Amino acid sequence: MILRSLEEMDETKELVFEEVRDDTGAKLGMWLFILSELILFGGMFILYSVYRYKNPIDFHHASRELDVILGTLNTLILLTSSLTMALSISAIQKGSRKLSAGLLVATIFFGLLFLLNKGIEWSTKVDHGIYPNSPILLERPKGEILFFGLYYVMTGLHGLHVLVGIVVLSVMLSFLLRDKIHQTHFVPLENSGLYWHLVDIIWIFLFPLFYLIT
Amino acid sequence: MMNYRSYFWVWVGLIILTGTTVSVAGMPLGHWPIVIALAIAGTKSGLVLNYFMHLRSERMFIFKIIIPLVMAVFLVFIILTFADVAFRGGVR
């Protein structure tokens, strides 16, 4: 009897968990991360600028071996993926879950297309014997060796960021489909979008500096 | 939150700028293409930052200051680096 009355006492108590949310803090966290990423790539851009300053002709010659059409295509692919990303966030803000998911799928698709394109570019280069420390590359003038070293490292690191972005966006897609992201809680999607736009911005600078050297 | 059309027009602007930068690179303009290319890249980034990344509609000052802060840091890096590299081999 004592046990039962104790149980009755327990039933009147309710534990209320308040959802702890700090949307501004989450967004600030992502921006600080973006700041660190900009410094990471910025450092490499500075390295590039010094080597290009010291080897202008070699950089020009090496750059002509890159395919401008594929490079431009990749630029267009990433710019469009940024559009679909921004639209996806707008859609969920308006409560259109299916549209948001569709646009997110499109973004992921463009990301994969970008990586496919990059893979084609890299493999044609490797087939011609141009890769870091290859015997053919080491025969070339010093400036050209530096150019291709920078090319592989910078586009490689960027490609890695694209891959991570694709994984993150896929996780966001699963959240969206399971309603963990919805009209009143979409900060994870927004922050993932910020990361994706950063990846786009980095490529916006990589493209002219590697492909369009006159 | 922006409406769909605004995002679309920003995208159109970005595509046009991309076409411009590729065309300019093919023209024999001496040293100008790199300057123009960097200016266009800066403009494109500005569009992505302000519209796609919503910096333009951010209320809090802290968000608006982060990118200019990074730019300032880079400016210092570049100036100091080239102040060194440009004068190796002596000042003429």
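Rule-based calculations on the coordinates, nothing more; no lab input. This is a predicted model, so every value here is computed, not measured. Note that each Cβ is placed from the backbone with ideal geometry, even for glycine, and that neighbours are counted across all protein chains shown.
Arranged from fewest to most other beta-carbon atoms within 10 Å of their beta carbon, A:58, A:179 become A:179, A:58. Model label sites at residue A:184 and residue A:21, defined 7 Å from Cα along the beta-carbon direction, differ in position by 0.7 nm.
Scanning chain A for GluC sites (Glu not before Pro) lying in DSSP loops with no more than 16 further Cβ atoms inside 10 Å, the longest uninterrupted stretch between such sites is A:140-214. Helices in the protein assembly as shown, meaning DSSP H runs of at least 4 residues, each add -39500 (n - 2.57). Divided by all residues, the mean residue ellipticity at 222 nm is -26500 deg cm²/dmol.
Based on the reciprocal of the average 1/r between different C-alpha atoms, the Kirkwood radius for region B:20-92 equals 15.1 Å.
Please state the shape class of region B:1-57: rounded when a/c is under 1.5, otherwise prolate if a/b exceeds b/c and oblate if not, all from the C-alpha gyration tensor. Verdict is oblate for region B:1-57.
With Rh defined as the Kirkwood radius, the inverse of the mean 1/r over Cα pairs, the Rg/Rh of chain A is 1.20. A Förster radius of 35 Å combined with the Cβ-Cβ distance from residue A:57 to residue B:43 puts the calculated FRET efficiency at roughly 0.75. Between residue A:124 and residue B:5, the modelled label-to-label distance comes to 4.1 nm, taking each label 7 Å out from Cα in the direction of the beta carbon.
Gain on full extension, evaluated as 0.36 nm per residue between residue A:65 and residue A:44 minus their Cα-Cα distance, stands at 5.4 nm.
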